[in-house]
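Undergrad: Below you'll find the structure I mean.
The values are calculated or read from the model by the stated rules, or taken from the named source; none is laboratory data. In this text, all values refer to a predicted model and were calculated from it rather than measured experimentally. Because the Cβ atoms are built from the backbone with ideal geometry, glycine has one as well, and the counts that use them run over all protein chains shown. Each accessible area value is taken on the protein alone, full model and side chains, heavy atoms only, with ligands, DNA and RNA left out. Shrake-Rupley method; radii C 1.70, N 1.55, O 1.52, S 1.80 Å.
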Amino acid sequence: MKFVNMILEKSSTRKGFLILLVTCFWLKTMLAYFADFRLGITNPFQFLIVLINPLATTGLLVGIALYFKRARFFYPIALLISILNTVLLYLNVIYFREFTDFMTVSTMTGYSKVNQGLSGSSLALTNIHDILYWLDLIIILILLVLKKIKIDPRPLNRRIGLAVTSFCMLFFTINLSLAEMDRPQLLSRTFDRTYVVKYLGIDAFTVYDAVKSQHNNDLRATATKSELNDVLKFTNGHYAKPNKKYYGIAKGKNVIIIHLESFQQFLIGQKINGQEVTPFLNKLYRSKSSYAFKNFFHQVGQGKTSDAENMLETSTYGLPQGSLFAQLGSDNTFQAAPAILKQRRDYTSAVFHGNIASFWNRNNVYKNMGYQYFFDASYYDTSGDRSLGYGLKDKLLFRDSVKYLQNLQQPFYVKYLTVTNHFPFDLDKEDTNFKTTDTQDEVVDNYFLTAHYLDQSVHEFYNYLRKTGLLKKSVIVLYGDHYGISDSENKNLAKAIHRDPDDWDDFDNAQLQRVPFIINIPGRKDGYVSSKYAGEIDVLPTLMHLLGISTKRYVQFGTDIFSNQHDQVVAFRNQDWVSPTFTSISGDIYSNRTGQLMKLSKRQQAQVKVNKKRVQTELSLSDSLNEKNLLRFYHPKGFESIDPRKYNYANEYQKEKRIEAKRGKQSTSLFSKNGNRSTIKDYTTDAPEIHHKSSDTNRIKITNPDATNNDSSR
Ligand code: GP9
Ligand code: MN
């Protein structure tokens, strides 16, 4: 009682009243953080940041009341701000329960087509403890009415208002610096909305998102159709017509894209202590049924995996800063592979990925791309040692996806996003017995371990494909999305790959941006390793032509690699570029033959100028297309716009089963074709985890990848 009286007494001064409001809001935020959101706190430092992050913004907001002298303004304003702040917090709580994501400004204003905001179902999303979000305000109001908390008529000096505002701003700066220490480029890269909330709180996230979406909206509002014409002029002029020899050679086949996380070309054929690191992929690379490319480059920017996905599926570039998926993907118009294949050849599309759906904003982007199914971490048992930093281990991803893969209608277009071979390349001891390098650089040594593990994972999956007959009905596309070893570690890597570290320079760094690109069409006998220069931007037109689908009508920046008109100048996102002859780094031109800086002849100068101009034009037109969302003005023949509201990634398995049942004898799923028998027993894996008993199945326990903080380029 004494304690209560003390609080009542203290709260009867203006200062005490504000402290009471801030404390209550802090408590409610903690309730949301720990009972409702899943912020993925992975270390004590993050825990500390989470504890302090609501303070600066709440103080700043509630502190506005200090600028009002009269009690009849001061009190209502302080209360109103607290109520509004609670509304924002609570809406996010409800929203998170439904979408495992935070509300963006475009969702709130109804601008976004993807998330319809909260519908009639919101009542069902309430929880008994929700009363706690409101109880404090109700009690405070009652106490004010009953005059238990007394109105203090004495105004505070205006200087106190200024002092509080300045202090809160300083405190916010400290908060932001701590956040950047743990997660460099937090705001410029926008990996995941969860990150921003975790480090800066809901209020800061909302303001940040509002500024960003205002910027996007401005760009988009002023965009005109004529800007689209500039893009069309370029892409039409750049179009490379298909090579008859390859056009349609994979017609009607299933497409299986295997995204090899952080997998670089130098791994192919690499031996460590006499052992091949990736024996299976090496075989596939050289197989007579594969078209493989040894001068294929990744072209990602800060959006890393998501940029690679975007290029592969839309043949447009990522953005100069940040991730296109995260920044624009929720509201962008895409004319992407899943939609085109559905509309032109009735393909079913699906993504299998063992990380949470909100990472890189995939849950929203995939809808805009027309993906029909998205099997994210929630579809797998990711408990215990089944997952590592970025989610389910690869061997388990491939194996546990069979349950869903076998029920997809054929032909299908599916993408496997692997994760285990990701920085910092952690792997449990039980998952490997590969004897790796001893470079003293743990990152380099571990990289070979996880790459070896990935190789085995793909091998096991291939065995399954062969056993079930899927293999010969499919074209399998394998590619590395970007580097795993960053430039700062390349010198340590040099030793391991038998190169001289003292001789290492920017030219060598650029050459290491090669990643494998293998198109495996089982049954073909004319495969080869091509030395043509190409990049991720070229995959979509290449693949579509193999499937016998013309691409002339679409806006695509890449060109079919098999075409005689294929453009071999590969643009990097920072405007550097490589061609079969030159490598351009920050304007310096190296000879690919000698690896040395070149003195250019007149003719070479002219060629370099042409290449440079093309790279710059291409990147800037791609940016204008995406930043201004110009594809909304473009209606290629037969392309039906995607309405993301028609897509929903809940209950995917039931959805598959419903379609199977509806189609009955016409069902083309592997399961139906197999006499309604499961093919899971055709899957063999040596993954030790499947023999473990785990107590809590289907719980996402993925830790966020914050170990990456020692390298801001990741
Ligand atoms: C996360 C995975 C990794 O889901 O795709 O993304 P990255 O860090 O490589 O961009
Ligand atoms: Mn990646």
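Undergrad: Read phi for every residue in region 238-245 and hand back ³J(HN,Hα) as whole Hz from Karplus 6.51 cos²θ - 1.76 cosθ + 1.60, θ = phi - 60°, with x for Gly and Pro.
TA: So the J values, rounded to whole Hz, are 8, 3, 10, 7, x, 7, 3, 4.
Undergrad: Under 14 Å from the 7 Å Cα→Cβ point of R677, by amide nitrogen: which residues of region 444-485?
TA: Under cut-off, by backbone N: 468-469.
Undergrad: Helix 394-405: angle to the longest alpha-carbon principal axis of the chain, degrees 0 to 90, nearest 10?
TA: 90
Undergrad: From Cα pairs below 8 angstrom and at least 6 apart in sequence, can you work out the relative contact order of region 2-219, rounded to a whole percent?
TA: Relative contact order of region 2-219: 33 percent.
Undergrad: Still on this structure, please answer the following. Compute the angle between helix 193-221 and the longest alpha-carbon principal axis of the chain, please, reported from 0 to 90 degrees and rounded to the nearest 10.
TA: Tilt relative to the chain: about 70 degrees.
Undergrad: Express in nm, to one decimal, how much length is gained between D230 and K69 on full extension, taking 0.36 nm for each residue of separation and deducting their alpha carbon distance.
TA: Length gained, D230 through K69: 52.2 nm.
Undergrad: Need the full-extension length gain, L135 to N509, defined as separation in residues times 0.36 nm minus the C-alpha distance. One decimal, nm.
TA: Full extension from L135 to N509 adds 128.8 nm.
Undergrad: Now a separate question. What percent does the relative contact order of the chain come to when contacts are Cα pairs within less than 8 Å and at least six residues apart?
TA: 20
Undergrad: A further question follows. How much of the accessible area of region 2-219, probe 1.4 Å, is carbon plus sulfur, in whole percent?
TA: For region 2-219, the apolar C and S fraction of the accessible surface comes to 72 percent.
Undergrad: Around W577, which amide H atoms from residues at least 5 apart in sequence, or from another chain, sit under 5 Å from its own amide H, with H modelled in the peptide plane?
TA: It is F572, S584, by chain and number.
Undergrad: If a/c stays under 1.5 just call it rounded; otherwise compare a/b with b/c (prolate if a/b is bigger, oblate if not). Do that for region 262-401, with a ≥ b ≥ c from the square roots of the Cα gyration tensor eigenvalues.
TA: Prolate.
Undergrad: Only Cα pairs under 8 Å and at least 6 apart count here; give the relative contact order of region 248-559 as a rounded whole percent.
TA: Reported relative contact order: 36 percent.
Undergrad: A further question follows. Mind listing the phi-derived Karplus ³J(HN,Hα) values for region 163-172, rounded to whole Hz, using 6.51, -1.76 and 1.60 with θ = phi - 60°, and x for any glycine or proline?
TA: Listing the rounded values in order: 4, 5, 4, 5, 4, 5, 5, 4, 4, 5 Hz.
Undergrad: Let me ask something else about it. Tell me, what ³J(HN,Hα) does each residue in region 475-481 have, in order and in whole Hz, if you take phi through Karplus 6.51 cos²θ - 1.76 cosθ + 1.60 with θ = phi - 60° and put x for Gly and Pro?
TA: Rounded to whole hertz, the list is 10, 10, 10, 10, 8, x, 7.
Undergrad: Compute the acute angle (0 to 90°) between the alpha-carbon long axis of helix 131-145 and the principal axis of greatest extent of the alpha-carbon atoms of the chain; round to the nearest 10°.
TA: 20
Undergrad: Kindly identify the chain as rounded, prolate or oblate by the Cα gyration tensor criterion: order the square roots of the eigenvalues as a ≥ b ≥ c, call it rounded if a/c is under 1.5, otherwise compare a/b with b/c, prolate if a/b is larger, else oblate.
TA: prolate
Undergrad: Same structure, new question: When a/c reaches 1.5 or more, the comparison of a/b and b/c decides; with that in mind, is region 248-559 rounded, prolate or oblate per its Cα gyration tensor?
TA: Values: a/c = 1.38, a/b = 1.33, b/c = 1.04.
Rounded shape, in that the Cα axes give a/c under 1.5.
Undergrad: Over 18 Å between Cα atoms, which of K304/K429; K10/K147; K552/K612; K395/K415 qualify? Don't jump to the answer; show the numbers that get you there.
TA: Numbers: K304/K429 28 Å; K10/K147 13 Å; K552/K612 25 Å; K395/K415 15 Å.
Going by Cα-Cα distance, K304/K429; K552/K612 fall outside the 18 Å limit.
Undergrad: On to the next question. Amide H neighbours of V255 under 5 Å, at least 5 residues apart or on other chains, H built in the peptide plane: list them.
TA: HN-HN under 5 Å from V255: F412, Y413, V414, V475.
Undergrad: When the accessible area of region 405-490 is split by element with a 1.4 Å probe, what percent falls to carbon and sulfur?
TA: 48
Undergrad: Next question. Is it possible to state the helix-based mean residue ellipticity at 222 nm for the chain, with each DSSP H run of 4+ residues giving -39500 (n - 2.57), the sum divided by total residues, to the nearest 500 deg cm²/dmol? What is it?
TA: Rounded to the nearest 500, it is -14000 deg cm²/dmol.
Undergrad: Calculate, for the chain, the solvent-accessible area per residue in square angstrom, rolling a 1.4 angstrom probe over the heavy atoms of the protein chains. Write out the running numbers ahead of the final one.
TA: On the way: 29970 Å² over 714 residues.
Accessible area per residue: 42 Å².
Undergrad: Please report the antiparallel percentage of DSSP beta bridges with both residues in the chain, rounded to the nearest 5.
TA: Numbers: 22 of 49 bridges.
Within the chain, antiparallel bridges account for around 45 percent of the total.
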